[in-house]
Amino acid sequence: MAPATFDPWSPISLDEKQARFVFFSTHIRADGTVKPDAFIPHPYPDLSTTRHDGLSEREIWQRGETIALQRGKSLLGRADAVSGAYLNQGLKIQPDPKEGNPQHVNIIGWPLDKPAQKIIAQLISNNSKFKPPEVIPCVNAKNHHGKCVAVEGVIFETLKTAKGITLWNFGASFPNQALTAWAHSSLAIPTEALSEFLGKRVHLIGKVELHKGKPNIQIFSLDQMSRESLSAS
Amino acid sequence: MIVAGSQVSISPETKTKAESDAGRIIDQAIRDQMHDLETSQTVGGLFSQFMAEFESVIRECLTEDWDGNGSIGLNAATIDAARRFANVVPLGVRKPSVGAEPDGHITFEWHTSPEKTLSVSIDEWANLHYSALLGPDRHYGTESFVCNVPARLLDLIYQVVT
């Protein structure tokens, strides 16, 4: 929880996170990362973010929902980056407290020409981590076709096809799986990654596609998958 | 022309076209060939997927203030330039993902990994503002789009996708 008497002008450390809320599906890549497009500052000379500053997850999302409501858009997630990701690009962070969001800040000092803005936005996006607002159970993945979501479920089966494609089946084994995560052979998934996730509850971020009515998420990087401490029962 | 860190504009009136009969015949033959390939199952499937994404971005970002935060809507000249640019990206090269920026530019992104990524923003004067990260190297600048993918960008696209 943030202190009741939050001081918007309190010092910002290099490792304090800033949330950039995302409202457009095209700003999110299929691998669950955020494109630089989400960090281009126009029409203002600055970029709006929200300091984490000890806010709980719920409080951060509440601020995002408030902005979504003001804009008339749906909140799709947020890109978290440490303050250093902005400051190291020569930008500055200026407090701009708003009603209901005293943690609101503007990232200022952007160059005026577009290519220079783009390279900075690209570097920030590389240092950001996308987080969707909710984690959905794998059995509901099929209801989110075409969207980038965070899914959770137990991996019941892992295998490598003759063509080198790696598959992780969530919820049940083939053909009753609730969701399949898969990686192209060119990704060269290490064998340990197969056993590491088997029987474990796993979080997965990515874009849900349907194949023959079954949902799947392509893995472009193992960063898309993470294990919970909870093991499958 | 390669201009790092600065902006070069070219107005549509200064662009050249194949005006001779021979030029028109060659132009039509290329269009026919493109059409055949685009309607083939493999290349065509990917092209259809790209076009669906392209049309979806246009629909979503056509009006002013599409982001609820003062953004500029995509205009006809920008859409036309982006469409023409997409059509001359060599066949066989992976199609980019499409997006829009609040300044009314359409973006094409080729992204393999954080260390191999290229983003191109197309404006209404058919300027191509690009930035690319290739390992430790940063590349950015503006190229004018007339009728072919500028050599500099083509080189960056190949470096990102291969």
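Give me the compactness ratio for the protein assembly as shown, meaning the Cα radius of gyration over 2.2 N^0.38 Å.
1.05
Please give the average number of partner chain Cβ atoms lying within 10 Å of the Cβ of each residue in B:126-132, rounded to a whole number.
Shielding by partners across B:126-132 averages 4.
What nm value, rounded to one decimal, do you get for the distance between B:Arg84 and B:Ala22 when each label is placed 7 Å out toward the C-beta?
Label-label distance for B:Arg84 and B:Ala22, simple model: 2.3 nm.
Kirkwood Rh and Cα-based Rg: tell me the resulting Rg over Rh for the stretch A:167-233, rounded to two decimals.
0.94
Write down Rg/Rh for the stretch A:1-108, rounded to two decimals, with Rg from the C-alpha atoms and Rh from the Kirkwood relation over Cα pairs.
0.94
Within 10 Å of each Cβ of A:116-128, how many other protein chain Cβ atoms are there on average?
Rounded to a whole number, the mean comes out at 5.
For the pair A:Val135 and A:Phe174, what calculated FRET efficiency results from E = 1/(1 + (r/R0)^6), where r is the Cβ-Cβ distance and R0 = 22 Å, to the nearest 0.05?
0.40
Can you find, among A:Val34, A:Thr161, A:Ala150, the residue sitting farthest towards the positive end of the charge dipole of chain A, where Lys and Arg contribute +1 and Asp and Glu -1 at Cβ?
A:Thr161
Take the residue pairs A:Lys147/A:Lys214; A:Lys131/A:Lys212; A:Lys17/A:Lys207; A:Lys200/B:Lys116; A:Lys92/B:Lys116; A:Lys73/A:Lys98 and return only those whose Cα atoms are more than 21 Å apart.
A:Lys131/A:Lys212; A:Lys17/A:Lys207; A:Lys200/B:Lys116; A:Lys92/B:Lys116
Using R₀ = 41 Å, calculate the FRET efficiency as 1/(1 + (r/R₀)^6) where r is the Cβ-Cβ separation of A:Gln70 and A:Glu196; round to 0.05.
Efficiency for this residue pair is about 0.45.
Can you give the local net charge around B:Pro102? Use residues other than it whose beta-carbon is closer than 15 angstrom to its beta-carbon, Lys and Arg +1, Asp and Glu -1.
-4
Between A:His145 and A:Asp113, what is the label-point separation in nm under the 7 Å Cα-to-beta-carbon projection?
With each label placed 7 Å out from Cα toward Cβ, I get 4.7 nm.
Taking the Cα centre of chain A as origin and charging only Cβ (+1 Lys, Arg; -1 Asp, Glu), how large is the dipole, in debye to the nearest 20?
Value, rounded to 20: 740 debye.
Using the Cα centre of the protein assembly as shown as origin and beta-carbon charges of +1 (Lys, Arg) and -1 (Asp, Glu), tell me which of B:Ala151, A:Ser226, A:Tyr86 is placed farthest towards the positive end of the dipole.
The residue sitting farthest along the positive end of the dipole is A:Ser226.
Based on other C-beta atoms within 10 Å, arrange B:Thr162, A:Thr26 from fewest to most.
Ascending number of Cβ neighbours within 10 Å: B:Thr162, A:Thr26.
Need the C-alpha centroid separation for the stretch A:6-39 versus the stretch A:162-233, integer Å.
27 Å
Quick one: if the Förster radius is 41 Å, what FRET efficiency do B:Thr162 and A:Phe6 give, using the C-beta to C-beta distance and rounding to 0.05?
Using R0 = 41 Å, I get an efficiency of 0.25.
Among A:Lys160, A:Lys207, A:Lys35, which one shows the highest mean-square fluctuation when chain A is modelled as a Gaussian network with alpha-carbon springs under 10 Å?
Looking only at A:Lys160, A:Lys207, A:Lys35, the biggest GNM fluctuation is shown by A:Lys160.
If you count, for every residue in A:14-24, the Cβ atoms of partner chains within 10 Å of its Cβ, what is the mean?
So the per-residue partner count for this stretch is 1.
Hey, rough spin-label estimate for B:Ala52 and A:Ser186, points 7 angstrom out along Cα→Cβ, what's it come to in nanometres?
2.1 nm
What does the charge add up to near A:Lys35, with Lys and Arg as +1, Asp and Glu as -1, over the other residues with Cβ less than 10 Å from its Cβ?
-2
Arrange the following residues from fewest to most other Cβ atoms within 10 Å of their Cβ: A:Val154, A:Val22.
Result, fewest neighbours first: A:Val154, A:Val22.
Once the principal axes of the Cα atoms of the stretch A:35-86 are found, what is the range along each, listed largest first in whole angstroms?
30, 28, 19
How do A:Leu194, A:Leu210 line up, fewest other C-beta atoms within 10 Å first?
A:Leu210, A:Leu194
Based on the mean of other beta carbon atoms within 10 Å per residue, what is the order of B:82-92, A:216-226, most packed first?
Result, highest mean first: A:216-226, B:82-92.
Tell me, what does the Kirkwood hydrodynamic radius of chain A come to in angstroms if you use every pair of distinct C-alpha atoms?
One decimal place: 19.1 Å for the Kirkwood radius.
Have a look at A:Val105, A:Val149, A:Val139 and tell me which one the Gaussian network model of chain A (Cα, springs below 10 Å) gives the largest fluctuation.
A:Val139
Read-outs throughout are calculated quantities, based only on the coordinates presented, and are distinct from any laboratory measurement. On a predicted model such as this, the values are computed, not experimentally measured, just so you know. Cβ coordinates were reconstructed from backbone atoms using ideal geometry, including for glycine residues, and neighbour counts include every protein chain displayed.
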